[in-house]
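The values are calculated or read from the model by the stated rules, or taken from the named source; none is laboratory data. A quick note: this is a predicted structure, and the numbers were derived from the prediction, not measured. Glycine also receives a Cβ, built like all others from the backbone with ideal geometry; neighbour counts cover every protein chain displayed.
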Amino acid sequence: MNKYIENQDITYGIDNTIRQALEKAFEKNNKETFKVLDRFIKKVVLLSVKNDSLNHFSKYITVYSSYYFTTYARAKENAQYKNIHREVSEAASIHLKEILKYFLIYSEDDVSNLNFQKLEKHNQFIYLAFNSFSTLLYSMVNNGDNNFFDYAINQYNQLDILSRNNFDDLGNQLKYYPEKIENLENQKKLYSIVSQYQSYKKHLIIGIKYWTYLLYNVKRNNLETTLRFVDKLNFYSDSNDFLRDIIFLRNQGYKDYFNWDWWDFMERYDMDFHQPPSSRDWLTLGFLIDLIREGRFYFNPDEFKGKELEQISFLAESIKDLGKMLTSNYSKWKQFLKVTSQSDLDSKLNRITAIFEQFTVKNITEKKIAIADAPLSGSKIIEFQNQTGKRWEHNSLARNLFVKFENRKITSIDKVKVIGYRKQQLGQAKAMFIEGDNSIDSYYLNDYGRTISNEIDDYFFNILFSYSYQSFKKGTILQCIDLSISALDQEGYNADIIVIPSEYSYKDGEFLNHPNFIMARNEEKDSLTDNFLIGKYNDIPVYISNSDLLRNRLIVCDFSTAFNMKYAEDPGWYKNELQIEVSLIDVDRAREIYARNPSDWRNRNGLEELSETDALINLRTGIEITIASYCKFEITNSESFVLGYISENEDQV
Amino acid sequence: MRDYNAWFRYRVVKAVKEDNSKLFDSKIAVWSSKLSYRLGHKNCWVIVVGGVFLFFTAAVIIDIPCIDILNLEFANAKIIIDQRTTNIAAIISMSLVVVGFLINNLAVKSPITYGLLFRKTYLYFTIYLTCTIIAFFMVVSLLRDSITEFIFIRAVIAASYLALSIPILIGFLFRKLILFTNEKRISNMLKDELIDEGRKKLRSILIQRHSREMYPKLFDDFAEPEFNIPIMNFLQGNIKFEPVDQMPTEKKKKLEDVNVWLLKVLLNLKKLSTEELFFARLVLEDNIEAENDIIWSNTSPNSKIFKWFLRRCIRTSKASKNIDEDAYRIEFDNKILQLAEEGRYQNLETTLDAYYELYDLQIANQK
């Protein structure tokens, strides 16, 4: 298809022609031609701003930043080109400044009518213009070009004068006197959008400044050059806002903010597998250097909360490592950091570390308090109950057999045994049962169901094996089963089920391949007991159990007559049988538990002891769990079951 | 001629005109530009020869008032015809010499400007007309003794009338040709052509965009609960045709128009035989494949008659690789690079003005 129609743009490709024409003009050292092209570009840029055409704007605004670096190489080789190089570089900064200062201001109509969509679109234009300026300054810094840089940064600083895009008043009002503002939500949103102009402005300077530090670090620029750059790169910011900015900028990687992740300081050949320096790293280094150099920042942990504190903890970690790097390279950095001696540097670093330590502590404390105070989430408890209950239901052979044969009856709770846990404390586990930022997933808790069912099975087998009247048949599993079945027969009972240890589902080939044994197919398994069914021997269902107690033994019985189960019921329990409850530890209960053994709860394994309040908070990050099954197994007829013992050697018992 | 609501193109153009009415010229402007294109084209000899022949035959057979008025003696007619032939030959040869000289002194010598010159001055038309008239004079003169006096006289009169137009055309030719010696006028003309080319493309873009949105909506009317038309791609169903990337460009056709009423009738017919129906996402002014199956169903394939009717619903034209489509953009691009190379910044400024107008046009109409 025609490429203009494909791109839906009849002007497609014109910008390429213009760039090529500019190249030619530079090559021929022709100022007039350049001026004509420059005028054209400006006209098109202004046209696109006026008509909101981001597409065309983005194509041309980047041309300005290329003015400098395309003429730089030529000017370096050949003095003839110096003139045009200077003229075009100055033109670039002047144009960008004009566009940002006069043409990209927020329209008063949009601001007063709260046209958020239009204002946000406007921000896209503003970002592109700042990005172009950023690229311009970046190339100048990379070339160590102080003179041109001075000119450009002077132009940049003029963006502050005539502050039509300055909404600081609104910002201050929102911060200090929010009650006095009408329509607070809208004004907040408005401020979040229109403050972007100043944000971009500040962030650009931060980026360039910290990039110059990196260039000094990798010896691309010398000390004097870097100092001259840094002197010109000033920004003014409230301490806490500055910290917020740094957190924000460190986490910008995926958005490719100002293309910082592409900035590089040397040519990389294709053969090297390499990436440009990570913006997160050099931003953090720059931040630390600024802290030491300027020494004017005072951070207040109370103004930060939640996720910010977490980010600041990570920042604190990085700062510790970078601090070590600075200390070991003291001679390189000493003039830079304005420190008088190594011990001076160390003390400054310690001070900084201490400040951030406060943040870390506050982070942890805040998190814990949030968890301790949070209510339990009903849905999560229900989910836990369902999961646990399901596991219990599917994993208990004994109980399911009783359900299948229906030889069980309900009785009162005092006549049965309790299997499981009641009101057991689970420390630090409350986070699994709350909603919100601090919640975590509860994987290991799901095992409770299986544990309970294993205990029930063990209880059942215990009763069986401790019964004084036992009957043993010995031999291989096949012999054992046959002997047991015939023994039952003699007593006059028909075998209902056979229960064998789980390893025999694969171990004994003779048994498995016996013609009388028919493997159960997966399609036939539909009830709960069928989870344990492996097949039928002489039409008697064969079940397996994982219980340790069943090792090398088997049971053949007439289940319905042999055993009986009594159990307690309650409508609030899972399937009315399994009690699953989760309750939080409130302040009174925490005090109760604490009072039993105060020193235990305050002990922190070698670290400083916790205060009572902190210990109570720790307690309250736990929960109390009850998972219990109330049942009792009995043998009703000792003659209708037979125990077998599988031994290779008949003499062994 | 397809200017009513039954046709899809009419609907789309109406929708586009709501927002971008300035892009579309009035009917008179469209017709006159088409006419001047036809007459200025190098293949207009067909029209010319045909027209002249018709005029002659008309003159000889029927009573045209302008020919009836005049009376001519047979002897005079014989003299006139010889003299006219010589006159015309002389005029045309002198004119061609001057034309050749002027063309040599064109301010801008490039293939595009030559093409523009030939078109705007109707040079081809003039030359063809002159040559045809001379040819007819010669034929008539040859037949002077074989045809009746009456026919001969009438033929001569008709030919003389035609011959009158030649000096007028030549005058017009010179008038237009002189302009081409002025560089500024040439660049203005080129700019107009560029803008026209841009407008044409922009119209095409907008029509495509709107037709892409509007075509599926045609099938919304059939949204009765049991009638489900999901959008499908060509790879399902029992349609056989060659894979798209192997199809040579000559075989591809461009979709010009769709007859909506006929299509709806066929849709209703098809609905009776099957529940699930699929339609191809057609886009005006874009390539179309499988013209015989623009609606189909998986369960009941289209019969031959049905396919024939489906083919009647659409109008296509050959999707030729038109090299002339982007001629002016390419020309201007090259010109800018050349001017930058040579450092001729004044001309560069005027050329860039043309591009600025193009940007204006695009930005105003791109919504």
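Overview of results
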item	result
Residue that is nearest to the chain's Cα centre (by Cα) [pool: residues in region B:44-67 that are loosely packed, with under 11 Cβ neighbours inside 10 Å and without any contact (Cβ under 8 Å) to a residue 12 or more places away in the chain]	B:LEU54
Sole exception among (1) within 12 Å of chain A (Cβ to nearest Cβ); (2) in contact with a strand residue (DSSP E or B) (Cβ under 9 Å, 6 or more places away or on another chain); (3) buried (at least 19 other Cβ atoms within 10 Å of the Cβ) for B:LYS254, by number	(3)
Tally, over region A:286-300, of residues that are crowded, with 20+ Cβ neighbours inside 10 Å and either in contact with a helix residue (DSSP H, G or I) (Cβ under 6 Å, 6 or more places away or on another chain) or not in a helix (DSSP H, G or I) (or both)	6
Verdict on B:LYS307 being modelled with pLDDT under 85 and away from chain A (no Cβ under 11 Å)	yes
Of all residues making up region B:279-297, the number that are touching a Leu at 6+ places or on another chain (Cβ under 9 Å), more than 14 Å from B:VAL265 (Cβ to Cβ) and away from every other protein chain (no Cβ under 14 Å)	7
Residue in region B:207-221 that is of a type in the set (S, T, N, Q), touching an Asp or Glu at 6+ places or on another chain (Cβ under 9 Å) and at pLDDT 65 or above present	yes
Residues located in region B:347-367, provided they are more than 8 Å from chain A (Cβ to nearest Cβ) and either part of a helix (DSSP H, G or I) or on the phi > 0 side of the Ramachandran plot (or both)	B:ASN347, B:THR350, B:THR351, B:ASP353, B:ALA354, B:GLU357, B:ASN365
Residue ranges of helices (runs of 4 or more DSSP H) in region B:1-105 with at least 2 members among the polar types (S, T, N, Q)	B:27-40, B:74-104
Test: residue in region B:208-215 that is in a helix (DSSP H, G or I), within 14 Å of chain A (Cβ to nearest Cβ) and within 22 Å of B:ASP326 (Cα to Cα)	yes
Single unsatisfied condition, A:SER58 versus (1) facing another protein chain (nearest Cβ under 7 Å); (2) in a helix (DSSP H, G or I); (3) within 49 Å of the chain's Cα centre (by Cα)	(1)
Test result for A:LYS474, in contact with an Asp or Glu (Cβ under 6 Å, 6 or more places away or on another chain) and touching a residue at least 12 places away in the same chain (Cβ under 8 Å)	yes
Selection count where residues are without any contact (Cβ under 8 Å) to a residue 60 or more places away in the chain, more than 12 Å from A:VAL542 (Cβ to Cβ) and either in contact with a strand residue (DSSP E or B) (Cβ under 7 Å, 6 or more places away or on another chain) or surrounded by fewer than 17 Cβ atoms within 10 Å (Cβ to Cβ) (or both), scope region A:480-507	7
Number of positions in region B:310-343 that are part of a loop (DSSP other than H, G, I, E, B), at the interface with chain A (Cβ under 9 Å from one of its Cβ atoms) and in contact with a helix residue (DSSP H, G or I) (Cβ under 8 Å, 6 or more places away or on another chain)	1
Filtered residue count, region B:143-172, keeping only those that are closer than 10 Å to B:ILE81 by Cβ and either free of Cβ contacts under 8 Å to residues at least 24 places away in the same chain or not in a helix (DSSP H, G or I) (or both)	1
Filtered residues of region A:24-35 (kept if more than 7 Å from every other protein chain (Cβ to nearest Cβ), crowded, with 16+ Cβ neighbours inside 10 Å and not basic (Lys, Arg))	A:PHE26, A:ASN29, A:PHE34
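Yes/no matrix, rows are residues, columns are (1) more than 14 Å from chain B (Cβ to nearest Cβ); (2) at positive phi; (3) not in a helix (DSSP H, G or I):
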| residue | (1), (2), (3) |
| --- | --- |
| A:LEU47 | no, no, no |
| A:GLN80 | yes, no, no |
| A:HIS85 | yes, no, no |
| A:LYS97 | yes, no, no |
| A:LYS101 | yes, no, no |
| A:ILE105 | yes, no, yes |
| A:ASP110 | yes, no, no |
